Amino acid sequence: MIKVSIVGSANRFEGVTESLRLIDGEVSIPDRAVMVKPNFVTTRKQLAATHVDATRATLEYLSQKGVSEFVIAVGPAVGTPDSSFDSYGYRALADDFNIEFLDLNSDDRVPVQAFDDQLNPQTLSMIDIEFLGASIEDVLVAYEAHDEI
């Protein structure tokens, strides 16, 4: 069974830290880089992106568990990953953590079978995760409100 923790908090860093603490026993740490995939719908509106404080809390938690290398991977629908890493303050994370920043919109793609909202089969073009060399652990899911909360 998969466990999920949800915490209400006025502070993103503290909220994510507490949420991760609540599922600490469920977290397994790989012996290679961990990919963290924040949501960046657009590079122009902070509310449509995972705040850097939430990601910092995740990186600190994982670092304390022994992770030493990270891949932060995003593929915004509007704008470029480089502009979002800069405008949302993600580049500063590299001052404290060993991070590779990855553009999910420009890497190799493979066809993936999926279903639409009516359960009709469809083929999606998804990034080829085999080449990453990281543990594909999507460890951070944060609420995004495209225009308002």
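The numbers here are math on the coordinates, done by the rules we state, and not lab data. Keep in mind that this is a model prediction, so the values were computed, not measured. No Cβ is skipped: glycine too gets one built from the backbone with ideal geometry, and neighbour counts run over all protein chains shown.
Straight-line cross-link reach from LYS3 at under 29 Å between alpha-carbon atoms covers these lysines, not counting any fewer than eight positions away in the same chain: LYS37, LYS65.
Rounded to the nearest 20 debye, the dipole magnitude of segment 30-131 is 300 debye, with +1 charges on Lys and Arg beta carbons, -1 on Asp and Glu beta carbons, and the Cα centre as origin. Once C-alpha pairs closer than 8 Å and six or more residues apart are averaged by separation and normalised to the residue number of segment 30-131, the relative contact order reads 25 percent. Computing FRET efficiency as 1/(1 + (r/R0)^6) for ASN98 and LYS65, where r is the C-beta to C-beta distance and R0 is 22 Å, gives about 0.90.
Just the Kirkwood number for segment 30-131, please: inverse of mean 1/r across all distinct Cα pairs, in Å, one decimal. It is 14.9 Å. Shown here for segment 49-124: trypsin sites (Lys or Arg not before Pro) in loop regions (DSSP other than H, G, I, E, B) with at most 14 other Cβ atoms within 10 Å, namely LYS65.
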